[in-house]
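Participant: Next up is a structure, given as structure tokens.
The values are calculated or read from the model by the stated rules, or taken from the named source; none is laboratory data. Just so it is clear, the model here is predicted, and its values are computed rather than measured. Here the Cβ positions follow ideal geometry from the backbone for every residue, glycine too, while neighbour counts run over all protein chains shown.
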Amino acid sequence: EYSFVIPKYIELLLELDSHSKVEVYCVVVLQKNLEDSMVNFLAPLVFNSKNGFGAQVALSMMDYPDFGFRDPLKSFVIQERERA
């Protein structure tokens, strides 16, 4: 599961409130073999769907030690296969 706290300054910048619909995207660097692709979980893109404002959030490795900036996609594919 991927979750993090949106910093207050990002909430203000994006004009987020309790009724805002927030969209979060992670940058993926695709490789020819999809399972060799990498995901950046430490710098998600956060958007306020209502007003279209967006920002990239730099998360601290100290606060989120399980997140990486080059996590292999194959580790998540394996996890999903094991759940099935």
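Participant: Taking the stretch 7-28 only, how many residues are within 17 Å of ARG70 (Cβ to Cβ) and either touching a residue at least 24 places away in the same chain (Cβ under 8 Å) or small (Gly, Ala, Ser) (or both)?
Facilitator: Selection size over the stretch 7-28: 2.
Participant: Mind checking which residues of the stretch 13-63 are within 9 Å of the chain's Cα centre (by Cα) and of a type in the set (S, T, N, Q)?
Facilitator: Selection gives ASN40 alone.
Table: residues versus (1) of a type in the set (A, V, I, L, M, F, W, C); (2) assigned to a helix (DSSP H, G or I).
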{"site": "SER3", "(1), (2)": "no, no"}
{"site": "ILE6", "(1), (2)": "yes, no"}
{"site": "LEU12", "(1), (2)": "yes, yes"}
{"site": "LEU16", "(1), (2)": "yes, no"}
{"site": "VAL27", "(1), (2)": "yes, no"}
{"site": "ALA43", "(1), (2)": "yes, no"}
{"site": "TYR64", "(1), (2)": "no, no"}
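Participant: Also, I was wondering about something else. Return the total of residues in the stretch 8-25 being surrounded by 14 or more Cβ atoms within 10 Å (Cβ to Cβ) and within 24 Å of LYS74 (Cα to Cα).
Facilitator: Residues in the stretch 8-25 being surrounded by 14 or more Cβ atoms within 10 Å (Cβ to Cβ) and within 24 Å of LYS74 (Cα to Cα): 0 in total.
Participant: So the check is Cβ under 9 Å with 6+ separation or different chains; which pairs have a first residue in the stretch 43-67 that's closer than 15 Å to CYS26 by Cα and free of Cβ contacts under 8 Å to residues at least 24 places away in the same chain and a second one that's among the small types (Gly, Ala, Ser) and surrounded by 12 or more Cβ atoms within 10 Å (Cβ to Cβ)?
Facilitator: Note: pairs meeting the criteria are LEU45/GLY54; LEU45/ALA55; GLN56/ALA43; ALA58/ALA43.
Participant: Let me ask something else about it. When residues of the stretch 26-58 are filtered for being surrounded by 15 or more Cβ atoms within 10 Å (Cβ to Cβ), aliphatic (A, V, I, L, M) and farther than 14 Å from GLU11 by Cα, how many remain?
Facilitator: Number satisfying all stated conditions: 3.
Participant: Also, I was wondering about something else. Which of the following residues is modelled with pLDDT under 95 and of a type in the set (A, V, I, L, M, F, W, C): ALA43, ALA84, ALA55?
Facilitator: ALA84 is the lone residue from the list that is modelled with pLDDT under 95 and of a type in the set (A, V, I, L, M, F, W, C).
Participant: Given the criteria out of contact with any Leu (no Cβ under 6 Å at 6 or more places or on another chain) and of a type in the set (Ser, Thr, Tyr), does TYR9 qualify?
Facilitator: yes
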